[in-house]
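> After the structure tokens below, expect a handful of questions from me.
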Amino acid sequence: MSKSYEMTRREFAKTSAIGLAGLAMARGSWAKPQIQTKKRYAIVGVGGRSRMYQNAIHKKYAEQAELVGICDTNEGRLRLSQEIAQKAGQPVPQKYPAADFDRMILETKADTVIVTTVDGFHHHYIIRALELGCDVITEKPMTIDAKKCQQIIDAQRKTGGRMRVAFNYRYSPPRTQIKDLLMAGTIGDILSVDFHWMLNTHHGADYFRRWHSQKKFSGGLMVHKATHHFDLVNWWLSAVPVSVMASGKRDFYTPAMAKRLGLQSHHERCHTCPEKERCGFELSLMKNPSLKELYLDNEQYDGYYRDRCVFRPDIDIEDTMNVLVTYDNQATMSYSVNAFNAWEGYYIVFNGTRGRLEHKSEEKVYLFGDGSTPGAVKPEGTWTRIFPLREPAYEVEVWTGSGGHGGGDNVMLDDIFLANTPADKYLRASDQRGGAYSILTGIAANICFKTGKQVEVQKLVKNIGYPLYPSMPTHADPLPMPQKQV
Ligand SMILES: NC(=O)c1ccc[n+]([C@@H]2O[C@H](COP(=O)([O-])OP(=O)(O)OC[C@H]3O[C@@H](n4cnc5c(N)ncnc54)[C@H](O)[C@@H]3O)[C@@H](O)[C@H]2O)c1
């Protein structure tokens, strides 16, 4: 690595400011200094998810934000991302291969790095961006295992840099409303939770096609997907996990299942599959223009197949998982996620000292990156009911929103890109502490799958600090005596 690459961005800004001052003098003393008002963003990983941030920067938040750099291992997707900027009539960001990430930060003088690359590589870019003096916004999961999580926690402590883990689910109105009801003490303090997440054979199957299907890249569904769910529970309860017991298996997306479904064999990928006409799990990249443009047309650069067979033997993630968690506020949770269900969404029940809250949310069928709205809530399949102790049950009118992930994406983007947003009583913005605790339940579950033994979460990563959560009813609060039963 050359000496100049070892400079931090702050040092670079200082030295280049001297150079720029000289340039201004050469141009003449009348040259007015440019006042920098827009925040300068760089994105690493310009696949499906990055589009939400890129479009937000180019359109809704164009007055506050500018995309100055993009970085990826795939030259074709980098060019595509530049074309998006061009079509939006915005300055075209400079593109950099992944190996030149440091150079991107130094040359573009990015203020904030948005990390939307493969989960297993997040830590590398988060740590480097912090070391180079940038703020970091990272997609979930913050990272995939305890070792990398510790490295991020240590780097943040050492640099004092600012981090945000983008938990869009917290911002989805129906889920924010649950927090509101719990904070208000509607069902008292929470003693236990039953939480069951269903992934269907459309969206759920999609996790078995590409990098998500290998633990070294995604941490499996316990980390990649359940980070959302475990974060919601931590935040809903304002608590952190203490111990985890879990079991997991892959029983549906297997070569044996391909045979049971009448296929002769699993194959490498749908695009070239001799049995694709009769396979109900075919993903046709040719029939889907956005997937073709993003992935099929760029395979030549890295051999990334978006449509690998969901029944391949080399898949090493689970499709069937059950978890028991205890929390530091003494609440307990039973949780499950299955990736082969008939519908997509979840049931959650909070059992409190003053009653029970039941919430169901069904999501529309979608496939990430196919141009449909990801995680859109089905209003007819979404409800929240309160069962007060010894009083009649009632249904609450569910808060609604529009856009991706139950309306959460849009609310979160406002929070990220707008300056001077009003104080948030739900404290939905999360830093590395919330990011760490959101993955540690799943990381512990992954360990448990191997050892069969309960895992103490606090032993996995040190010095995390306690996440910022709103205060909640506690086990020490006085309670009204329930009415006598006749
Ligand atoms: N919050 C949400 O609801 C949500 C939804 C989807 C995805 N995500 C997250 O967003 C991230 C990206 O997911 P995606 O669906 O866009 O995946 P993707 O495969 O479409 O995009 C990943 C990009 O990273 C690039 N890449 C691969 N290795 C790299 C490396 N070493 N360095 C730099 N770039 C590299 C790939 O070429 C690709 O362009 C993941 O962390 C995922 O978990 C979050």
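The values are calculated or read from the model by the stated rules, or taken from the named source; none is laboratory data. Everything numeric in this text was worked out from a predicted model, so none of it was measured. Glycine gets a Cβ as well: all are built from the backbone with ideal geometry, and neighbour counts include every protein chain shown.
> So which residues in region 382-414 are closer than 19 Å to Ile137 by Cα and surrounded by fewer than 17 Cβ atoms within 10 Å (Cβ to Cβ)? Give the derivation first.
Applying the first criterion (closer than 19 Å to Ile137 by Cα) to region 382-414 yields 404-405, 408-414.
Correct list: Asp414 only.
> Just checking, does region 338-359 include any residue being out of contact with any strand residue (DSSP E or B) (no Cβ under 7 Å at 6 or more places or on another chain) and either over 22 Å from Val240 (Cα atoms) or not aliphatic (A, V, I, L, M) (or both)? Even if it seems obvious, please write down each step before you answer.
Our first condition is that a residue be out of contact with any strand residue (DSSP E or B) (no Cβ under 7 Å at 6 or more places or on another chain); within region 338-359, this holds for 340.
With either over 22 Å from Val240 (Cα atoms) or not aliphatic (A, V, I, L, M) (or both) added as a condition, the list becomes 340.
Yes, the conditions are met somewhere in region 338-359.
> Name, by its number, the condition in (1) surrounded by 17 or more Cβ atoms within 10 Å (Cβ to Cβ); (2) farther than 29 Å from Arg170 by Cβ that does not hold for Pro274.
Going through the list (1) surrounded by 17 or more Cβ atoms within 10 Å (Cβ to Cβ); (2) farther than 29 Å from Arg170 by Cβ, Pro274 breaks only (1).
> What are the pairs with Cβ atoms under 8 angstrom where one residue, in region 277-294, is β-branched (Val, Ile, Thr) and the other, located anywhere, is surrounded by fewer than 21 Cβ atoms within 10 Å (Cβ to Cβ)? Sequence gap at least six, or different chains.
none
> Continuing with this model, one more query. Tell me which residues, restricted to region 306-320, are of a type in the set (Asp, Glu) and within 19 Å of Cys270 (Cα to Cα).
Asp307, Asp314
> Just for helices (runs of 4 or more DSSP H) wholly inside region 239-325: which have at least 1 residues that are modelled with pLDDT of 95 or more and of a type in the set (Phe, Trp, Tyr)?
299-302
> Trp211 fails exactly one of the following numbered conditions: (1) outside the structural domain of Gly371 (by TED's automatic domain parsing); (2) more than 20 Å from Asp231 (Cβ to Cβ); (3) hydrophobic (A, V, I, L, M, F, W, C). What is the number of that condition?
Here Trp211 clears every test but (1).
> Can you tell me which residues in region 71-104 are within 17 Å of Tyr53 (Cβ to Cβ) and among the small types (Gly, Ala, Ser)?
Matches in region 71-104: Ser81, Ala85, Ala88.
> Gly76 is checked against (1) buried (at least 22 other Cβ atoms within 10 Å of the Cβ); (2) in a helix (DSSP H, G or I); (3) over 19 Å from the mean Cα position of the chain (by Cα) and fails just one. What number does that condition carry?
(1)
> Might you check whether a residue that is within 25 Å of the chain's Cα centre (by Cα), at pLDDT 50 or above, in a helix (DSSP H, G or I) and surrounded by 11 or more Cβ atoms within 10 Å (Cβ to Cβ) occurs anywhere in region 28-50? Steps first, please.
So in region 28-50, the residues within 25 Å of the chain's Cα centre (by Cα) come out as 39-50.
If we keep only those that are at pLDDT 50 or above as well, we get 39-50.
Now narrow it down to the ones that are in a helix (DSSP H, G or I): 50.
Retained after the next criterion (residues that are surrounded by 11 or more Cβ atoms within 10 Å (Cβ to Cβ)): 50.
Yes, some residue in region 28-50 is within 25 Å of the chain's Cα centre (by Cα), at pLDDT 50 or above, in a helix (DSSP H, G or I) and surrounded by 11 or more Cβ atoms within 10 Å (Cβ to Cβ).
> Are any of the residues in region 363-373 farther than 27 Å from Ser192 by Cα, outside the structural domain of Ser402 (by TED's automatic domain parsing) and of a type in the set (S, T, N, Q)?
Within region 363-373, the first condition is being farther than 27 Å from Ser192 by Cα, and the residues that meet it are 364-373.
Now restrict to residues that are outside the structural domain of Ser402 (by TED's automatic domain parsing): none.
No; the residues of region 363-373 include none that is farther than 27 Å from Ser192 by Cα, outside the structural domain of Ser402 (by TED's automatic domain parsing) and of a type in the set (S, T, N, Q).
> Could you list all residues from region 93-133 that are within 13 Å of the ligand (Cβ to nearest atom), farther than 19 Å from Gly219 by Cα and among the hydroxyl-bearing types (Ser, Thr, Tyr)?
Once the filter is applied, which keeps residues that are within 13 Å of the ligand (Cβ to nearest atom), farther than 19 Å from Gly219 by Cα and among the hydroxyl-bearing types (Ser, Thr, Tyr), region 93-133 yields only Tyr96.
> Would you say Tyr327 is assigned by TED's automatic domain parsing to the domain that holds Arg269 and crowded, with 16+ Cβ neighbours inside 10 Å?
No, not satisfied.
> If you don't mind, another one. Does Thr353 satisfy being closer than 26 Å to Arg49 by Cα, assigned by TED's automatic domain parsing to the domain that holds Val455 and surrounded by fewer than 18 Cβ atoms within 10 Å (Cβ to Cβ)?
No; evaluated as a whole, the condition is false for this residue.
> A follow-up question, please. I'm trying to understand the selection: among the residues of region 154-166, which are more than 15 Å from the ligand (Cβ to nearest atom), surrounded by fewer than 22 Cβ atoms within 10 Å (Cβ to Cβ) and not in a loop (DSSP other than H, G, I, E, B)?
Result: Asp154, Ala155, Arg157, Lys158, Thr159.
> Tell me whether region 68-81 contains one or more residues that are of a type in the set (Val, Ile, Thr), at pLDDT 95 or above, within 13 Å of Tyr41 (Cβ to Cβ) and within 13 Å of the ligand (Cβ to nearest atom).
yes
> Turning to a different aspect of this structure: Quick check on region 445-486: of everything there that is among the hydroxyl-bearing types (Ser, Thr, Tyr) and within 26 Å of Ile178 (Cα to Cα), which residue is surrounded by the fewest Cβ atoms within 10 Å (Cβ to Cβ)?
Ser471
> Consider Ser247 carefully, then state whether it is in contact with a His (Cβ under 7 Å, 6 or more places away or on another chain) and either touching a residue at least 24 places away in the same chain (Cβ under 8 Å) or closer than 30 Å to Ser471 by Cα (or both).
For Ser247, the condition - in contact with a His (Cβ under 7 Å, 6 or more places away or on another chain) and either touching a residue at least 24 places away in the same chain (Cβ under 8 Å) or closer than 30 Å to Ser471 by Cα (or both) - is not met.
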